[in-house]
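Student: Sharing a structure, written as structure tokens. Questions coming.
The values are calculated or read from the model by the stated rules, or taken from the named source; none is laboratory data. Bear in mind the structure is a predicted one, so any value in this text is a computation, not a measurement. So basically every Cβ, Gly included, is an ideal-geometry build from the backbone, and we count neighbours across all protein chains shown. Quick note on the areas: whole protein, heavy atoms, side chains included, nothing else; ligands and nucleic acids left out. Shrake-Rupley method; radii C 1.70, N 1.55, O 1.52, S 1.80 Å.
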Amino acid sequence: MNDPKVIVALDFDTRQQVDQLVEKLNPSECRLKVGKQLFTHEGPALVKHLVASGFDVFLDLKFHDIPNTVAKACIAAADLGVWMVNVHASGGQKMMSHTREALDAHGASKVKLIAVTVLTSMDQMQLDDVVGGISIEQQVLKLAVLSKQSGLDGVVCSAQEAQMLRHQLPNDFQLVTPGIRPAGSSADDQTRIVTPEDAINYGVDYMVVGRPITKANDPVSALRTINEQIAATR
Ligand code: C5P
């Protein structure tokens, strides 16, 4: 597989749990996501180890700070060899464009820089508390357009948002979507889930999949089933 669409979310606390899963996985069949939980426990050494094992790593630390600090943090991520890193679009145009330019100047133009728009855990009431006068959908679109204008490669978004954004933004603007559940699998704590087939039809480029793979009795066959469903849809 040239461009695996599944990014396995390594939502673990320890290196041992990661190793147990990752030793069964093949970099040609999936990418890996390291988020705040695992990174805070295990740090850059684990990221370097995963990269050295041949995996594309999405470092999901959602940076949000002054432009200089975010740019330096993303350069540090690039130096670990990560494939993708993300920031909060609400940090603004300067923060995003300065970070993209800093990565390019550092020789890291291949590192994908994507943005989080509105956290999917936010409802309208919570968004009103923070900004007010704008619907979630409008705010997502506004921040996605700002991300594109700032030179970013894409956004993290829900499947529903992906459908809307795919029509409003160019095809090469990448949509990375969690909340994916193969038909018949447990929703866990996700409220709005879509199948891998629907995600592809909605224009999603990469799917973040955690528990349907990490908690499966046979994670490799769970991943392969998802990959087959994706291949049959494309
Ligand atoms: O186990 P599951 O497939 O639900 O994991 C989804 C992953 O995507 C988790 O790492 C979760 O933190 C992340 N995520 C999400 N919803 C968002 C953003 C990220 O589920 N809106």
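Student: Using a/c under 1.5 as the rounded threshold, could you call the chain rounded, prolate or oblate? The axes a ≥ b ≥ c are square roots of the C-alpha gyration tensor eigenvalues, and prolate needs a/b larger than b/c, oblate otherwise.
Tutor: Oblate shape, in that a/c is at least 1.5 and b/c is the bigger or equal ratio.
Student: Under a 5 Å amide H to amide H cut-off, with H placed in plane at 1.01 Å, what residues pair with Lys62 once short-range neighbours are removed?
Tutor: Placed amide hydrogens put Asn86 under 5 Å from Lys62.
Student: So, with a 1.4 angstrom probe, what is the percent of accessible area on the chain that is carbon and sulfur? Could you put the intermediate results ahead of the total?
Tutor: Numbers: 5300 of 11010 Å².
That share works out to 48 percent.
Student: Here is a follow-up. What FRET efficiency comes out for the pair Ala187/Ala76, r = Cβ-Cβ distance, R0 = 45 Å, nearest 0.05?
Tutor: Numbers: r = 36 Å, r/R0 = 0.79.
With a Förster radius of 45 Å, E is 0.80.
Student: How much accessible area does His41 have with a 1.4 Å probe, in Å² rounded to the nearest 10?
Tutor: Its heavy atoms expose roughly 110 Å² to the probe.
Student: Search the structure for amide H atoms under 5 Å from the amide H of Arg31, placed 1.01 Å from N in the peptide plane, and list their residues when 5 or more places away or on another chain.
Tutor: So Arg31 has HN proximity to Val6, Ile7, Val8.
Student: Over the stretch 103-234, give the accessible area per residue in Å² for a 1.4 Å probe, as an integer.
Tutor: Averaged over the residues of the stretch 103-234, the accessible area is 50 Å².
Student: What are the ³J(HN,Hα) values, in whole Hz, obtained from phi via the Karplus relation 6.51 cos²θ - 1.76 cosθ + 1.60 with θ = phi - 60°, for each residue of the stretch 204-221 in sequence order, with x given for Gly and Pro?
Tutor: After applying 6.51 cos²θ - 1.76 cosθ + 1.60, I find 6, 8, 9, 10, 8, 10, x, 4, x, 9, 5, 9, 6, 4, 10, x, 5, 6 Hz.
Student: Let me ask something additional. Please go through the residue pairs Lys33/Lys215; Lys5/Lys94; Lys110/Lys215; Lys48/Lys112 and name each one whose alpha carbons sit more than 27 Å apart in this structure.
Tutor: The pairs that break the limit, which is 27 Å between Cα atoms, are Lys5/Lys94; Lys110/Lys215.
Student: Also, I was wondering about something else. Please check: in the Gaussian network model of the chain (C-alpha springs, under 10 Å), which one of Leu113, Leu59, Leu21 has the largest mean-square fluctuation.
Tutor: Top of the fluctuation ranking is Leu21.
Student: While we're looking at this one, here's another question. Per residue of the stretch 138-148, in order, report the coupling 6.51 cos²θ - 1.76 cosθ + 1.60 (Karplus, θ = phi - 60°) as ³J(HN,Hα) in whole Hz, putting x for Gly and Pro.
Tutor: Along the stretch 138-148, the couplings run 5, 5, 4, 5, 4, 6, 5, 5, 4, 5, 4 Hz.
Student: Can you give the helix-only mean residue ellipticity at 222 nm for the chain, where every DSSP H stretch with n ≥ 4 adds -39500 (n - 2.57) and the sum goes over all residues, rounded to the nearest 500 deg cm²/dmol? Present the calculation step by step, with values, prior to reporting the outcome.
Tutor: Values: 10 runs with 108 residues, N = 234.
After summing the helix terms and dividing by residue count, I get -14000 deg cm²/dmol.
Student: Under the Karplus relation 6.51 cos²θ - 1.76 cosθ + 1.60, θ = phi - 60°, what is the ordered set of whole-Hz ³J(HN,Hα) values for the stretch 123-128, x standing for Gly and Pro?
Tutor: Each residue of the stretch 123-128 in turn: 9, 4, 5, 5, 5, 4 Hz.
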